[in-house]
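Here the structure comes first, spelled out in structure tokens, and everything after it is commentary.
Every number in this text was worked out from the coordinates using simple rules, so none of it is lab data. Just so you know, these numbers come straight off a predicted model, no measurement behind them. Every residue, glycine among them, receives a Cβ derived from its backbone with ideal geometry; neighbour counts consider all protein chains shown.
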Amino acid sequence: MEYKIVFTDIDGTLLNYDRELSPTTIKTIKTLKDELPFVLISARMPAAMRHLQKDLDIEKQPIICYNGGLILVDGEAVSSTEIPLNILESLLDFNQEQKCHLSLYHKDEWFVPQNDQWTAREENNTQVKAQLKSNREVLDTWKKEEKGAHKIMAMGDEAHIDAIKNFLDKHYGAQLHLYRSKPTYLEISDKKISKLTAIKYLLDNHFNLKTEETIAFGDNYNDVEMIKGVGLGVAVGNAREEVLEVANIITKSGKEDGVAQSLKELFKIA
């Protein structure tokens, strides 16, 4: 099979020990970028992906944000799927006792309820500055503007994250994806979308390519469907067991330039 496009996750997959693009990764992708498109696909917001696009010199390519909740082509939203506000309001009511940090995202808006350890960690990881506004204020504003959340990130101690996940599973399990990226993190998105649905959207509406002509790299729970569904699914060595089980190929870990190593082998790069 001749592969004609590459989609790659970012965190845990593409970045090195310093959560940056290594010189090897940059050089490898720049070597191939004129032969086939490279598309970044992540749970991140757009602003947390653009600087990586710039470093890789792939700024003209689309980006898939929020696990497929927002797809941008030439900076414009071509697909947008939001969590309904009634679910957000219900979550805020439940969280009054849990008191977890809830980060709320819409396009390039990122609102945090306080400048705490969770805000500081995410700002450091993504190189994006959060906006300080209470969850209730954001909800009220979004009601007036008639928009919802592309992603909700719950962060807190493991027991409280358990409680939030159980609550959402019980009441909205049919409407939400709940990704436990780590014991203290819960990423919440609309169940109608995934990384694979976003890939298929771009293949059909932008690139005119087939799914079997696609390579995808990933490491976490939200990558399982993507890795299983594309032509060549590649798991980095540090991937979750669920990802390793469905991958066609397992390469080195993300911190060991696994994506670059695999690309060199696949496309015969010295």
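For the reader, a short list of remarks on this structure follows.
- Folded to 0 to 90 degrees: helix 135-145 orientation relative to the chain principal axis, Cα: 80
- Extension gain from Leu85 to Ser181, taking 0.36 nm per residue of separation minus the Cα-Cα distance: 32.2 nm
- Along the axis of the charge dipole computed for region 85-190 (Cβ charges of +1 for Lys and Arg, -1 for Asp and Glu, origin at the Cα centre), the listed residues Gln131, Phe94, Ile161 are led at the positive end by Gln131.
- Residue-wise HN-Hα coupling along region 106-115, computed from phi with Karplus coefficients 6.51, -1.76, 1.60 (Hz; x: Gly, Pro): 8, 6, 9, 8, 9, 10, 10, x, 7, 8
- Taking a point 7 Å from the Cα of Lys133 along the Cα-to-Cβ direction, the residues of region 94-112 with backbone N closer than 11 Å to it are 104-106, 109-112.
- Listed values for region 253-263 are Karplus-derived 3J(HN,Hα) couplings in whole Hz (6.51 cos²θ - 1.76 cosθ + 1.60, θ = phi - 60°), namely 5, x, 6, 10, 6, x, 5, 4, 4, 5, 4, and x replaces Gly and Pro.
- Relative packing of 79-89, 161-171, which averages over residues the other C-beta atoms within 10 Å, highest first: 79-89, 161-171
- Of the peptides 136-146, 260-270, 191-201, the order by per-residue mean of other Cβ atoms within 10 Å, starting with the highest, comes out as 191-201, 260-270, 136-146.
- The phi-based Karplus calculation (6.51 cos²θ - 1.76 cosθ + 1.60; θ = phi - 60°) puts the 3J(HN,Hα) values of region 32-45 at 9, 4, 8, 8, 8, x, 10, 10, 7, 9, 7, 7, 5, 7 Hz, whole numbers, x for Gly and Pro.
- Lys/Arg +1, Asp/Glu -1 at C-beta; the chain dipole; positive extreme among Val6, Leu85, Pro37: Pro37
- Counted residue by residue at 0.36 nm each, then reduced by the alpha carbon distance between them, the extension gain from Tyr17 to Tyr3 reaches 2.2 nm.
- For the chain, the longest principal axis of the C-alpha atoms and the axis of helix 85-98 are separated by about 70°.
- Helical content alone sets the calculated 222 nm signal of the chain at -10500 deg cm²/dmol, taking -39,500 (n - 2.57) per DSSP H segment of four or more residues and averaging over every residue.
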